[in-house]
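Shown next, in structure tokens, is the structure this report addresses.
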Amino acid sequence: MSVKQLTINGTSWMEFRDVLASLTPFRTYGNLSGITGRALDAGRMPQPHRSEYYDRSEHIDYTVLSYGTPIAWHDNERGWVMPDTKYSTTTSKAQGRIAPGIAALNTEAVAAR
């Protein structure tokens, strides 16, 4: 599968939602990327999210990273997870760009049940 090129400023949250819904790997020209599976390193992710991320590793099929730190992931049993964690200004901007898409995907998953 090829990696989709996106931009933080030029890509709408709906476009991010579509990429996340299909679990398509992506990258931006900056700090944000999406990968298939779990990242090997939890970067600057604080506890207890770090433990949750590693404990659920066999269920994580997609991870969104900012500067190499997982900021959101898809758990194939629980759906999308995006911890309420503050990082740098740039990462906060990235979180703000993907948060509406993740919220929409989780809402759609609940409605489909």
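The values are calculated or read from the model by the stated rules, or taken from the named source; none is laboratory data. Predicted model, so just to flag it, every value in this text is computed and none were measured. Heads up, the Cβs are rebuilt from the backbone with ideal geometry, glycines too, and the neighbour counts pull from every protein chain shown. Surface areas here come from the heavy atoms of the whole protein model, side chains and all, with no ligands, DNA or RNA. Shrake-Rupley method; radii C 1.70, N 1.55, O 1.52, S 1.80 Å.
Given the DSSP H assignment, sum -39500 (n - 2.57) over each helix run of at least 4 residues in the chain and divide by its residue total; what's the result at 222 nm in deg cm²/dmol, nearest 500? Working shown, then result.
Working: 3 runs with 40 residues, N = 113.
That comes out to -11500 deg cm²/dmol.
Quick one: net charge around Thr28, please, counting Lys, Arg +1 and Asp, Glu -1 for every other residue with C-beta under 13 Å from its C-beta.
On the way: positive: Lys4, Arg27, Lys93, Arg97; negative: Glu15.
That sum, taken over residues with Cβ under 13 Å, equals +3.
With a 10 Å radius around each residue's Cβ, average the other Cβ atoms per peptide and rank 42-52, 28-38, highest first. Mind dumping the intermediate values first?
Numbers: 42-52: 14.5, 28-38: 17.7.
Most protected by this proxy first, the peptides run 28-38, 42-52.
Just the number please: accessible area per residue for the stretch 1-86, 1.4 Å probe, all protein chains included, in Å².
Numbers: 4650 Å² over 86 residues.
Dividing the accessible area of the stretch 1-86 by its residue count gives 54 Å².
Gln5 versus Thr107, label points 7 Å from Cα toward the beta carbon: distance in nm?
Roughly 3.2 nm, to one decimal.
Please list the non-local residues whose amide H lies under 5 Å from the amide H of Tyr62, H modeled 1.01 Å from N, same-chain partners needing a gap of 5 or more.
Amide H neighbours of Tyr62, under 5 Å, 5+ apart: Gly37, His74.
Of all accessible surface on the chain at a 1.4 Å probe, what whole percent is carbon and sulfur?
Working: 3220 of 6150 Å².
That share works out to 52 percent.
If R₀ is 30 angstrom, what is the calculated FRET efficiency for the pair Ser12 and Arg56, using the beta carbon separation as r and rounding to 0.05?
Numbers: r = 29 Å, r/R0 = 0.98.
So the FRET efficiency works out to roughly 0.55.
With every protein chain left in place, what is the accessible area of Glu15 in Å² (1.4 Å probe, nearest 10)?
Roughly 90 Å² of Glu15 is accessible to a 1.4 Å probe.
When the solvent-accessible surface of protein heavy atoms is calculated with a 1.4 angstrom probe, in what order do Asp75, Asp18, Asp55, Asp61 fall, highest first?
Asp55, Asp18, Asp61, Asp75
Which shape class, rounded, prolate or oblate, goes with the stretch 34-80 when its Cα gyration tensor gives a ≥ b ≥ c as root eigenvalues, a/c under 1.5 marks rounded, and past that a/b bigger than b/c marks prolate? The partial results should precede the final answer.
Values: a/c = 1.78, a/b = 1.20, b/c = 1.49.
It is oblate, given that a/c is not under 1.5 and a/b is not larger than b/c.
So what are the ³J(HN,Hα) numbers for the stretch 17-26, from phi and the Karplus equation (6.51, -1.76, 1.60; θ = phi - 60°), rounded to whole Hz, Gly and Pro as x?
Ordered by residue, 3J(HN,Hα) equals 4, 5, 5, 5, 4, 8, 6, 7, x, 8 Hz.
Percent antiparallel among DSSP beta bridges with both residues in the chain, to the nearest 5? Show your work: numbers first, answer last.
On the way: 16 of 18 bridges.
Just about 90 percent of them are antiparallel.
Could you state the principal axis extents of the C-alpha atoms in the chain, from the largest down, to the nearest angstrom?
35, 34, 27
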